[in-house]
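The values are calculated or read from the model by the stated rules, or taken from the named source; none is laboratory data. In this text, all values refer to a predicted model and were calculated from it rather than measured experimentally. Counting neighbours? That spans all protein chains shown, and the Cβs are built from the backbone with ideal geometry, glycine included. Surface areas here come from the heavy atoms of the whole protein model, side chains and all, with no ligands, DNA or RNA. Shrake-Rupley method; radii C 1.70, N 1.55, O 1.52, S 1.80 Å.
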Amino acid sequence: MSLTARFSCLSDYDPDALSVEQARAFIRSQLTPVRTQERVALRSALGRVLASDVIAPFNVPAHDNSAMDGYALRQADLAGSGETRLRVIGTALAGKGFAGAVGTAECVRIMTGALPPAGCDTVVIQEVVELDGDQVIVPAGQRAGQHIRLAGEDLAAGKPALAAGRLIRPAELGLMASLGCAEVSVYRRLRVAFFSTGDELCSIGTPLADGEVYDSNRYTIFGMLTRLGCEVLDLGVVRDDPATLEAAFRDAAAAADVVITSGGVSVGEADFVKPLMAKLGEVLFWKIAMKPGRPMAFGRLGSRGGGEGGDGGEGGDRHAAWLFGLPGNPVAVMAAFYQFVRDALQLLMGADPLPGVPLLPAVSRVAMKKAPGRTEFQRGILSHAEGQWSVRPAGAQGSGVLRSMSDANCFIVLEHERGSVAVGDTVQVQLFDGLV
Ligand code: AMP
Ligand code: MG
């Protein structure tokens, strides 16, 4: 079934008033992840998606070991109540154990990570014992087995340590290193081509002529794609001319999995882009009930009519690229990218589950006007004072004011049904930066 037909089947989906959730859900429902895998050295896997489960080849930890610095002893030697005197007969260090036998009323000084000597089943931390010559006095109340990390406690041999689909962050790198993985299987990187459209755009490095503006969208898009770990293909500025645009779309679709454009989808401009798209593939033009980022095109290029034939990419019978036609306004580009494209690219990259971005409550420090019936993504500054997180808009909220994105550290997400916000109301925020 064609994309248009699948979209038309959704009875409550109106292309001129699509909610953010509906648009997101439809996009997700159409995409199929890449399946091609490659083996890369462990360090190169950072930011990539794991293509097969990582099975622990051995127990982690491989042996029982001490979780603390203290004394290893035999629980049976401890008095039921009251303190116990034990003679210290040696030391067990991490990587250099105590080889001798521990007899009745004896113990061994032990360091974190060291293997408990044969027969010792309990560690008493050094802070609670009293030293008396070559003896220690252990207080009552020690629990059998305490402070010993058991073999296989973190990961059991033969069990999956990480599942395919996992986005590889620093913790996963470390975890795989702890299993001795020098190479890992990851999905191939996603190739994303992008260009800007507009007769008024000038590329940096060239003096501005009258009425021109520098093309900034290609730089924000470059940055957002690079952060997501995509292979990027910058196709420059393309003039608002049907033949030039057609050539650019064909080149982009032939070279990439995904094509991202900015500009040309607003009312008026879309009128001449639409017939072009009909020739090159199947593209839906939407007016999403959101601010900023209202007009957006989503579809597939080269899937029919365009003669782009090819090697048959994943999930399709011939090469086709997904298209995200974003609005031209610089803030709208970023809002639409983060609300729709990011998710879509992560899905295509094979991430499962999708990492998602949480919505967190914060108290609004200002009143904000809002009419129900659309989702607004205001640029906000979240700050902490007097024990609470509160948020205020980051200056002028026009969709062309890129400074608001730069000054902000979060989106203030004003939900579809919500009306105006009063000072002190709780609103939802989406942080720009995460810790990991
Ligand atoms: P459009 O959606 O093409 O009508 O563009 C809307 C607004 O965004 C206009 O003011 C454009 O000049 C501006 N704009 C479009 N593309 C870019 C770009 N690549 N960089 C900076 N501003 C842009
Ligand atoms: Mg334009």
Requested in this report: Might you let me know whether the range 131-145 holds any residue that is in a loop (DSSP other than H, G, I, E, B), open to solvent by less than 20 Å² (accessible area, probe 1.4 Å) and either free of Cβ contacts under 8 Å to residues at least 60 places away in the same chain or not aromatic (Phe, Trp, Tyr) (or both)?
Outcome: no
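Table: residues versus (1) out of contact with any His (no Cβ under 8 Å at 6 or more places or on another chain); (2) under 17 Å from Phe195 (Cα atoms); (3) surrounded by fewer than 20 Cβ atoms within 10 Å (Cβ to Cβ); (4) at pLDDT 95 or above.
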{"residue": "Met290", "(1), (2), (3), (4)": "yes, no, no, yes"}
{"residue": "Gly309", "(1), (2), (3), (4)": "no, no, yes, no"}
{"residue": "Gly316", "(1), (2), (3), (4)": "yes, no, yes, no"}
{"residue": "Leu323", "(1), (2), (3), (4)": "yes, yes, no, yes"}
Report summary line: The number of residues in the range 78-103 that are of a type in the set (A, V, I, L, M), out of contact with any Cys (no Cβ under 8 Å at 6 or more places or on another chain) and under 21 Å from Gly141 (Cβ atoms) is 2
Report task. Read through the list (1) crowded, with 17+ Cβ neighbours inside 10 Å; (2) within 15 Å of ligand 2 (Cβ to nearest atom); (3) without any contact (Cβ under 8 Å) to a residue 60 or more places away in the chain; (4) more than 27 Å from the chain's Cα centre (by Cα), then give the number of the only condition that Gly281 fails. Result -> (2)
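Listed here are the residues, each with its yes/no results for (1) closer than 28 Å to Leu167 by Cβ; (2) open to solvent by less than 40 Å² (accessible area, probe 1.4 Å); (3) within 16 Å of ligand 2 (Cβ to nearest atom).
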{"position": "Gly328", "(1), (2), (3)": "no, yes, yes"}
{"position": "Val331", "(1), (2), (3)": "yes, yes, yes"}
{"position": "Pro355", "(1), (2), (3)": "yes, no, no"}
{"position": "Ser364", "(1), (2), (3)": "no, yes, no"}
{"position": "Lys369", "(1), (2), (3)": "no, no, no"}
{"position": "Pro372", "(1), (2), (3)": "no, no, no"}
{"position": "Phe377", "(1), (2), (3)": "yes, yes, no"}
{"position": "Gly380", "(1), (2), (3)": "yes, yes, no"}
{"position": "Trp389", "(1), (2), (3)": "yes, no, no"}
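Tell me, which strands (runs of 3 or more DSSP E) wholly within the range 176-269 include 1 or more residues that are more than 15 Å from ligand 1 (Cβ to nearest atom) and not hydrophobic (A, V, I, L, M, F, W, C)?
183-187, 191-197, 231-238
Answer with yes or no whether Ala209 is small (Gly, Ala, Ser) and free of Cβ contacts under 8 Å to residues at least 12 places away in the same chain. Quick ask: steps written out before the conclusion?
Numbers: small (Gly, Ala, Ser): yes; free of Cβ contacts under 8 Å to residues at least 12 places away in the same chain: yes.
The answer is yes for Ala209.
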Query raised in the report: Can you tell me which of Gly113, Gly103 is at positive phi and either out of contact with any strand residue (DSSP E or B) (no Cβ under 7 Å at 6 or more places or on another chain) or open to solvent by less than 40 Å² (accessible area, probe 1.4 Å) (or both)?
Result: Gly113
Requested in this report: For the range 28-68, name all the residues that are within 15 Å of Arg189 (Cβ to Cβ), part of a loop (DSSP other than H, G, I, E, B) and not hydrophobic (A, V, I, L, M, F, W, C).
Outcome: Pro33, Arg35, Thr36, Gly47, Arg48
Requested in this report: Report, by residue number, each residue of the range 221-240 that is away from ligand 2 (no atom under 16 Å from the Cβ) and open to solvent by less than 30 Å² (accessible area, probe 1.4 Å).
Outcome: Gly223, Met224, Leu225, Leu228, Gly229, Cys230
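With of a type in the set (Gly, Ala, Ser) and over 23 Å from the mean Cα position of the chain (by Cα) as the only criterion, which of Ala62, Ala25, Ala51 stands out?
Working: Ala25 fails: over 23 Å from the mean Cα position of the chain (by Cα); Ala51 fails: over 23 Å from the mean Cα position of the chain (by Cα).
On inspection, the qualifying residue turns out to be Ala62.
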Report summary line: Here the qualifying pairs (Cβ atoms under 6 Å; residues six or more apart or on different chains; first in the range 385-409 and within 14 Å of Thr220 (Cα to Cα); second part of a strand (DSSP E or B) and open to solvent by less than 30 Å² (accessible area, probe 1.4 Å)) come out as Ser404/Arg379; Met405/Arg379
Report summary line: Of the residues in the range 183-200, those that are crowded, with 23+ Cβ neighbours inside 10 Å and within 16 Å of ligand 2 (Cβ to nearest atom) come to Phe194, Phe195, Ser196, Thr197
